[in-house]
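Here the structure comes first, spelled out in structure tokens, and everything after it is commentary.
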Amino acid sequence: MTIARFSAVAVASLLLLPAASMAQEVSKSDNGHGNGHGRFKFMQGSYAFRLTATGACSTTGTGFATGVRQDVARVGTFSVAPGNNNNTISGHSIATSDDGATTVVIDFTWSGTFTVNDDGTGSLNIDTVNVTDASCTPAQAAGACAGFEHPETYAFVLDNHGDEKQIGLIETDNTVGAGKNFLTGDAERR
């Protein structure tokens, strides 16, 4: 029977090596300025998301009594390319939209920008929404479908637990008028 002997210094060095390496990596990606670039690096990749409506503000509690069309659920994907230094993001969404009378499924793409703070919070601005007449099911009157989706703003928080890379999202702007609903949900790394 062989007994292996390790010095306390060797064991401590082996245990601290991953932590030192990670700190060095964050330091490199942050450039030592605490400007959120380490968090930006965390965001790089492809994500799948699911958002649902919350916070209906109408007298009936449904949010649709006024007949204003809004998304009540949305699924999709988005990606942040590695080496993307201008914080751009692009995505594909499929939304269920309702106005209290009819439900429409809208399949569209979008792009925008985001910022990340040192504490893992940030904001996402969807600036460009690509919706055509063919995006809606059932088909709508010519030109109507393009008016169903608009630029949006979200607040988010990064949640890094081991291999799980998750982003919690809440919509922060809804300019449709009475009966506002805000989309909330999570995105997970694919």
Given (1) at pLDDT 95 or above; (2) surrounded by 14 or more Cβ atoms within 10 Å (Cβ to Cβ); (3) farther than 16 Å from T153 by Cβ; (4) of a type outside the set (V, I, T), G91 misses just (3)
A142 meets each of (1) free of Cβ contacts under 8 Å to residues at least 24 places away in the same chain; (2) out of contact with any helix residue (DSSP H, G or I) (no Cβ under 8 Å at 6 or more places or on another chain) with one exception, condition (2)
Just to be sure, is D173 of a type outside the set (K, R), out of contact with any Asp or Glu (no Cβ under 9 Å at 6 or more places or on another chain) and assigned to a loop (DSSP other than H, G, I, E, B)?
-> no
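The values are calculated or read from the model by the stated rules, or taken from the named source; none is laboratory data. Please read these numbers as outputs of a predicted model, since none were measured by experiment. FYI the Cβ positions are ideal-geometry reconstructions off the backbone, even for glycines, and counts take in every protein chain you see.
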